[in-house]
1. Name the strands (runs of 3 or more DSSP E) wholly inside the range 219-307 in which the number of residues that are surrounded by fewer than 16 Cβ atoms within 10 Å (Cβ to Cβ) is 3 or more.
2. Got at least one residue in the range 50-57 being closer than 27 Å to residue 226 by Cβ and crowded, with 17+ Cβ neighbours inside 10 Å?
3. Would you call residue 172 free of Cβ contacts under 8 Å to residues at least 12 places away in the same chain, more than 15 Å from residue 81 (Cα to Cα) and not in a loop (DSSP other than H, G, I, E, B)?
4. Identify the residue in the range 308-353 that is part of a helix (DSSP H, G or I), over 17 Å from residue 265 (Cα atoms) and at pLDDT 95 or above and, among all such residues, is farthest from the chain's Cα centre (by Cα).
5. Within the range 78-98, how many residues turn out to be under 15 Å from the mean Cα position of the chain (by Cα) and either part of a loop (DSSP other than H, G, I, E, B) or under 9 Å from residue 162 (Cα atoms) (or both)?
6. Quick check on this structure: which one of 166, 162, 157 is touching a strand residue (DSSP E or B) at 6+ places or on another chain (Cβ under 9 Å) and surrounded by 21 or more Cβ atoms within 10 Å (Cβ to Cβ)?
7. Which numbered condition trips up residue 188, out of (1) out of contact with any strand residue (DSSP E or B) (no Cβ under 6 Å at 6 or more places or on another chain); (2) at pLDDT below 95; (3) crowded, with 19+ Cβ neighbours inside 10 Å; (4) closer than 28 Å to residue 41 by Cβ?
């Protein structure tokens, strides 16, 4: 049974990845998370007593702690989710993103290289370092075309720039040191356990409270939406079957404008919460000033992972969104505990000097 070292496993995608992986009973997991505002161990209550699951709190910038844990747990693969990931926060506090996403990835790579070089021949050949990244590294698309793995990087926010930098570091560690790395760039994720600063959980929690639903600019920004469990399956496919050194783009084949997403969400809430005094929920939509550097369109060409590894998303946007809304309706206590902290759904990402 392999041991996976999962960074950022208390976050949204990392938490879902661990939950889905533990269902297979085919791997041990060491969850390494700093537990910043977006890290939530409530997500992992169902597996916390599983003998194949271990939680270790720590910072990916802490090289000595990482070294000790790699030796202690005899790691077979690293799945690197840990990152500051909210564009609006990167506008307010770019330094946090540089430290975690760039310096942290460097420290993790250094420890992985040190550990990998000391392995026996068989273990060394089977070791993998999978870096989870974003389509935002590519910048903004026009009305046509799709991001491919060969698209030039053109990041437009501090968050995107920090992820592009970490991608380059991962590539360089393969080219320079032969570290067996893999990189994935995914489109917009949504689903259960997402911190409510992101579009869908933010809109759901505000709508259920009868608060205005803030849509940036004209709402015509286009994103490709990927259900988080589809993303988790794709990561496992890349980890198990991907070619070392390669990049795989993961998309949901669901291009939607932000305004269309919010309207669809309102219709689903009207149906699922028929006694809400806020029906129709679309009356809560409110247009606000756009964020600085807001990319107009992202869209992924996921043909490489489909053709080479056989992965395709199982959820359409409609089916995934309905599952997502149902989960938030059935798990209000989770959201309430998250919102009891410092973040209360306020507007982030306004320029500050």
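The values are calculated or read from the model by the stated rules, or taken from the named source; none is laboratory data. Since we're looking at a predicted model, the values are computed, not measured. No Cβ is skipped: glycine too gets one built from the backbone with ideal geometry, and neighbour counts run over all protein chains shown.
1. Strands (runs of 3 or more DSSP E) meeting the threshold: 285-288.
2. The answer is yes, given that some residue of the range 50-57 is closer than 27 Å to residue 226 by Cβ and crowded, with 17+ Cβ neighbours inside 10 Å.
3. On the way: free of Cβ contacts under 8 Å to residues at least 12 places away in the same chain: yes; more than 15 Å from residue 81 (Cα to Cα): yes; not in a loop (DSSP other than H, G, I, E, B): yes.
Judged against the criteria, residue 172 is a match.
4. 308
5. 7
6. 166 is the lone residue from the list that is touching a strand residue (DSSP E or B) at 6+ places or on another chain (Cβ under 9 Å) and surrounded by 21 or more Cβ atoms within 10 Å (Cβ to Cβ).
7. (1)
Here's the yes/no breakdown for (1) in contact with a helix residue (DSSP H, G or I) (Cβ under 7 Å, 6 or more places away or on another chain); (2) under 17 Å from residue 187 (Cβ atoms):
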position	(1), (2)
66	yes, no
76	yes, no
87	yes, yes
93	no, no
102	yes, no
136	yes, yes
151	yes, yes
156	no, yes
